[in-house]
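What follows is a single structure, written as structure tokens, with notes after it.
The values are calculated or read from the model by the stated rules, or taken from the named source; none is laboratory data. The structure displayed is predicted, hence computed values, not measured ones. We place every Cβ from the backbone using ideal geometry, glycine too, and count neighbours over all the protein chains shown. Each accessible area value is taken on the protein alone, full model and side chains, heavy atoms only, with ligands, DNA and RNA left out. Shrake-Rupley method; radii C 1.70, N 1.55, O 1.52, S 1.80 Å.
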Amino acid sequence: MDTNYNFGFLDERTKKMIRRAILKAVAIPGYQVPFGAREMPFAYGWGTGGVQVTASIIGRHDVLKVIDQGADDTTNAVNIRRFFARTTGVATTEKTAAASIIQTRHRIPEAALTEAQTLVYQVPMPEPLFRLEPRRAETITMHALAEYGLMNVKLYEDIAQLGAISKTYDYPVLVNERYLTSPSPIPKFDNPKMHMNPALQLFGAGREKRIYAIPPYTAVRSLDFEDHPFEVQRWKHACALCGADDSFLDEMIVDDAGSRLFVCSDSDFCSERREAGYVGTQQAVHMPDVIAPTPTPTPTAAKGMA
Amino acid sequence: MTGDLLLSVRGAGKQFMQGNRLRWACRDVSFDLYPGEVLAVVGESGSGKSTLLRLLAARLGLDAGSVHYDVRGEAGADGGPGRSAAGLVDLAQLSEARLRWLSRTDWGFVEQHARDGLRMNVSGGANIGERMMALGARHYGKLRSEALSWMERVELETDRIDDLPGSYSGGMQQRLQIARNLVTHPRLVFMDEPTTGLDVSVQARLLDLVRELVNQLQLAAVIVTHDLAVARLLAHRMLVMKDGCVVEQGLTDRVLDDPQHPYTQLLVSSVLTP
Amino acid sequence: MTAVLETSDLSKTFTLHARGGLVLPVFSGISLSLRPGECLALTGHSGSGKSSLLRCLYGNYSASSGDVRIRHADQWVSLSTAAPREVLEVRRRTLGYVSQFLRVIPRVSTLDIVAEPLRRLGVAADEARSQAAQWLARLNLHERLWHLPPATFSGGEQQRVNIAHGLIAGHPVLLLDEPTASLDADNRRVVVELIHAARAGGAAVIGIFHDDEVRAAVASRCLDVEDYRQSN
């Protein structure tokens, strides 16, 4: 642990201020609480909000897990985990079940969470109405008066123009049947996990300086129409490594012929399954219709070539 | 045109700072409006008629007087606090949330320029459906069929339902605006120069449509216009405004055929007839 | 039999502010009483105020002084002081008016113009149109004109549309302003029959009849408006 910094990098008064904001957020599920975001040692867009939330709640006996798009080993996750190790000396882990605080960018772990756990989301844009109504004064009024017709208009328009609701990530939800909330850019696949989750879910947006929360066991409903109900993504294939057919899969293109390897996005979930003995096909999937075949060169064209 | 009083205005007025002096944009306006009555507010530029319309629709705050409306389901329906002796509610006592809700349900407001009254970045169908969605309608198919039926009613081609309003002509945009306002069956519609700027033949069609709808739906309306022919065609009653004051009011054909006030006589005699 | 329309000391004066406040007196002190079945003909030279009197009785002109009362829904309604919506209600149910010139609404067909007074009384569209067709046929207006707006019709054709529009609802009180002015002999005869039929049905009529023959055929008494000319 680097003793040049205060525990968790932020000073105690700042942590108190953020905890007060968190308390208010928990008291009003889904409501965006403004807070005095501090300058962090990395740029906006890299998780400053989530880090400030984690820094304010982390204690000596916590165990921290950090994931980015489900993986513990990407640059972002590694750096944040190292940041906390350095400024708190707190134990870190890659195992979801062993963590008391999980900070995440853009995914919810596949493993079910418990009442003893807190999930901290990194949020780029906390305002779900931002693209439809850019005026902040207007969106504040809309949230205050629960005037969310505009979001339904957007969903209607998607269906009218595209045949289906087009949002596949950052899919808008209604928290506690009151506040329209952005779940952060998690895939809509993860939305159902937010509903009645035993864990405390905290959301931090550093650049926009907002904190919001979903307390344990809170109703979270993804917006939809009665005759166009909310649906999660499904794959035709299972994870090539562990064989899971119910997790969110990353799709990796592995050669020029368009072969794809489908692998669990949640790296800990996949490795737990493999340790338990599950095995996948270990094979990339060849998808011939996806990419056009390479045209064979005509004899005349080839003649001029050296 | 029987029924209880719908809108009651007493001494309404609005001030503005002009330079370093306070000027009354309109003052001392009083009238009662009943269900199914159409009132035209007529005057030239600067008469205060548009300001009056915005005062009535609670888009501006009153500086003098009061506006009472028969708000359905408002607390005090039994004559308790909030309701006047006539049973109407003082709009100044309503919360912003309630006023906004009223504007979206029991009232309509047709803007002079359709662009100000429509969402230009979503389709015609979405525009018509918005009020219903704001009230909790969540069945896409029903929203769509309701939108289609309203488009027929205002004589819009139903195959334009998914087109953006920008691709509609001016007359079509106005009709879309009307449909968007009427889906919630408002009892009172405010119209600000609904036909100004449109081609003459388009105006005629639009006025016909408004006449039809007012009759069919028993709408009460306050229509601001500088065109006396529009007033004669649509309105049962007229208010003539000059320099912020009402100089004459009464039955439309009486005011137009037997004007008493000098200004009304001037207006009526100035109208060109082809 | 009780009266259905009464005036007391009715007078009308125009003030033309655009002409520096020029005062034009028309008539004063007219007190009349009209009973069902009567036809009162207003006489007097052109400009004597006959049309103005009729318009006062309709509420189209305001009375400068005095009162106009009409029997409506078993009550007396003062047209001089009634609110606009009350006047409109009286016109819808009780008081009919055939004006001298047809005011044309663009795009509305002749049939619909004539049917409108019935529609306003709650009659269904189809039934109203079919009655309108009967009236137009009675007035010898050719069927091919029924679906056209009357803007391009001749004076006589427009007048017949006006008459049908004014009489179709069977109002108990009728005001007729030169109903036969532009009509040929045949159509004048039809109008006379229609007025007789209305009177027989209990309607009270006040009319201005330019044609002596028509006046003689329909009027039960006369009132010369010139007798009430205001002295300046």
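Among the residues here, A:Asp224 qualifies as within 14 Å of another protein chain (Cβ to nearest Cβ) and surrounded by fewer than 20 Cβ atoms within 10 Å (Cβ to Cβ). The single condition among (1) closer than 19 Å to C:Ile195 by Cα; (2) within 12 Å of chain B (Cβ to nearest Cβ) that C:Val98 does not meet is (2). If I filter the stretch B:179-209 down to residues being assigned to a loop (DSSP other than H, G, I, E, B) and of a type in the set (A, V, I, L, M), which single residue comes out as surrounded by the most Cβ atoms within 10 Å (Cβ to Cβ)? Out of the qualifying residues, it is B:Val183.
Show me the strands (runs of 3 or more DSSP E) found entirely inside the stretch C:140-232 where at least 2 residues are open to solvent by 30 Å² or more (accessible area, probe 1.4 Å) and closer than 30 Å to C:Ser64 by Cα.
C:221-224
Looking only at the stretch B:253-274, filter to residues that are within 8 Å of chain C (Cβ to nearest Cβ) and within 16 Å of C:Ser80 (Cα to Cα); which one of those is least open to solvent (accessible area, probe 1.4 Å)? Per the criteria, the residue is B:Asp258. Restricting attention to the stretch A:81-132, and to residues there that are in a loop (DSSP other than H, G, I, E, B) and in contact with a Lys or Arg (Cβ under 6 Å, 6 or more places away or on another chain), which single residue is surrounded by the most Cβ atoms within 10 Å (Cβ to Cβ)? Among those residues, the one meeting the criterion is A:Ile108.
Exactly one residue out of B:Leu102, B:Leu143 is under 25 Å from B:Glu193 (Cα atoms), open to solvent by less than 30 Å² (accessible area, probe 1.4 Å) and either among the aliphatic types (A, V, I, L, M) or in a helix (DSSP H, G or I) (or both), and it is B:Leu102.
Could you tell me whether A:Ala144 is within 14 Å of another protein chain (Cβ to nearest Cβ), exposed (fewer than 14 other Cβ atoms within 10 Å of the Cβ) and of a type in the set (Gly, Ala, Ser)?
Against the criterion (within 14 Å of another protein chain (Cβ to nearest Cβ), exposed (fewer than 14 other Cβ atoms within 10 Å of the Cβ) and of a type in the set (Gly, Ala, Ser)), A:Ala144 qualifies.
For the stretch B:158-204, what are the residues that are polar (S, T, N, Q) and more than 14 Å from chain C (Cβ to nearest Cβ)? Hits for the stretch B:158-204 are B:Thr158, B:Ser167, B:Ser169, B:Gln173, B:Gln174, B:Gln177, B:Asn181, B:Thr184, B:Thr196. Under the condition of being within 12 Å of chain C (Cβ to nearest Cβ) and either assigned to a loop (DSSP other than H, G, I, E, B) or in contact with a strand residue (DSSP E or B) (Cβ under 6 Å, 6 or more places away or on another chain) (or both), the residues counted in the stretch B:228-250 number 9.
Can you list the strands (runs of 3 or more DSSP E) lying wholly within the stretch B:1-47 that have 2 or more residues being free of Cβ contacts under 8 Å to residues at least 60 places away in the same chain and either in contact with a Lys or Arg (Cβ under 6 Å, 6 or more places away or on another chain) or closer than 15 Å to B:Asp63 by Cβ (or both)? Break it down into steps so the answer makes sense when it comes.
Details: elements: B:7-18, B:21-33, B:38-43.
Ranges flagged: B:7-18, B:21-33.
Number of residues in the stretch A:147-185 that are open to solvent by 10 Å² or more (accessible area, probe 1.4 Å) and outside any helix (DSSP H, G or I): the value is 16. Of all residues in the stretch B:114-133, those that are more than 7 Å from every other protein chain (Cβ to nearest Cβ) have Cβ atoms under 9 Å from Cβ atoms of residues that are open to solvent by less than 30 Å² (accessible area, probe 1.4 Å) and of a type in the set (Lys, Arg), 6 or more apart or on another chain, in B:Ala114/B:Arg175.
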